[in-house]
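These notes are about the structure you will find just below.
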Amino acid sequence: MHKECISESAQTYHFEFAIDDLESFSFIPGQFISAVAEDRTGKEQTRAYSLASAPHGNRFELCLNRVEGGFFSNRLADLPDVPVGGIVRVYGPNGFFTLREPLTDSILVATGTGVAPMRSMLQWLFPTDGPDRSEGKAIWLIYGTRYASEIYYREEFEALAARHANFHYLPALSRDDANWTGLRGYVQDHVARVIEDRAARLGQPLPPAPPDPGASTAGPNFDAHAYICGLSDMIAAVRDRLKDYGWHRKQIITERYD
C-alpha cells in the first residue's frame, strides 16, 4: 500500500494497493470494494469505498478522508505505508454506479470524495496508454467543494481537459476564496447551465419531449445521462434540477456516501 495526503485541510488521502495473489483485478469503472477489519471489541466491521482508478493489472486506488468517529478510513489514514506482506482485507467489486450503454453525452457531478468513481470512469474513457473510449461524446465533470485546497486530482483533470476537446472540467467553490477565479456556487446551478448550453447547441427544446414508451420494447433511449455521487442533500438538489428540465428518472444514476 502507498498513501499520499492530497488535501491537508480536508485530511483527504489517496491510496494505492496491489493484490499479490492476482495477476489482474477486474472491475467496472464506478464500482466499489468493501474493506474489512476487526474493531477493538473483536467485531468485524465493513466499509464500502468507491474505486478511484480504472482497472490496471492487479492494482486499485482509493480516495478517502478522515471523519469524526470514522472507523476504517481513520485507521488507514493513521497508518504509514504498509510494508511488503502487509494485508488489508477487501471484498468485491460490487455496485451498479457504472456508465450506461450505449455511451451518451454524460454529466458527472461530484462533491468531496464522490469524485473517486468519476476518476475511475474518466481514466477508462480517456486512457493514457490506449485508445479513446469516449466515442466523441461530450463528457462534463462538475466538481463542487468548499475551498481550492479541497479540489482533488485538479492537475490530472485539467491535463485531461487540455488533451481532449470533448471533456469539460468544471470545478466550483461554495465558500469564499479571494484568490479563486473559477466557478462559484453549488453544483446544481452549473448542471443547469450545462443542460441549457447543450440544448441550445443542439437546437433541442427545454424541457424535451417525453420519450415514447412504445418506441422500443427495451424502454426509452436517451441521448444524455447524469451520474451523481456525494451526500444525499446534494444528490436530491441535482436530481430535482434535472427533473425540472424534463429528465427521466432512468437518465439519472446516483451513488450516495452518507
message: On a full-extension model of 0.36 nm per residue, what is the gain between Asp189 and Ser9, subtracting their alpha-carbon distance, rounded to one decimal in nm?
response: 62.2 nm
statement: With Cα coordinates, the longest principal axis of the chain makes an angle with the long axis of helix 232-244, in degrees rounded to 10, of 10 degrees
- prompt: Anyone know which of Gly30, Gly70, Gly114 comes out most mobile in the 10 Å Cα GNM of the chain?
  reply: Gly70
message: Output wanted: per-residue J couplings in Hz (rounded whole) for segment 137-147, from phi through Karplus 6.51 cos²θ - 1.76 cosθ + 1.60, θ = phi - 60°, x for Gly and Pro.
response: 5, 6, 10, 10, 10, 9, 10, x, 7, 7, 10
task: Using DSSP to define loop residues, name the GluC sites (Glu not before Pro) in segment 108-171 whose beta-carbon has at most 16 other beta-carbon atoms within 10 Å.
output: Glu135
query: Can you pull the three principal axis extents for the Cα set of segment 30-171, in Å, largest first?
result: 52, 33, 28
message: Given the DSSP H assignment, sum -39500 (n - 2.57) over each helix run of at least 4 residues in the chain and divide by its residue total; what's the result at 222 nm in deg cm²/dmol, nearest 500?
response: -6500 deg cm²/dmol
GNM result for the chain, Cα springs below 10 Å: residue of Ser24, Ser50, Ser106 fluctuating most strongly: Ser24
field: Tilt relative to the chain, helix 187-202 - C-alpha long axis, 0 to 90 degrees, to 10
entry: 40 degrees
statement: Here segment 102-176 gives, from Cα atoms, an Rg and Dmax in Å of 12.3, 40
message: How tilted is helix 115-125 with respect to the longest principal axis of the chain? Cα atoms for both, answer in degrees (0 to 90, nearest 10).
response: 70 degrees
task: Only one of the values (i) 18.7; (ii) 20.0; (iii) 19.5 was calculated from this structure for Kirkwood radius over Cα pairs in Å; name its label.
output: (iii)
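For the pair Leu22 and Ser174, what calculated FRET efficiency results from E = 1/(1 + (r/R0)^6), where r is the Cβ-Cβ distance and R0 = 35 Å, to the nearest 0.05?
Plugging the Cβ-Cβ distance into 1/(1 + (r/R0)^6) gives 0.30.
Values in this text are rule-based calculations from the coordinates and carry no lab data. The model shown is predicted, which means the values in this text are computed figures rather than measured ones. Neighbour counts are summed over all protein chains in view; Cβ atoms, including those assigned to glycine, are modelled from backbone coordinates with ideal geometry.
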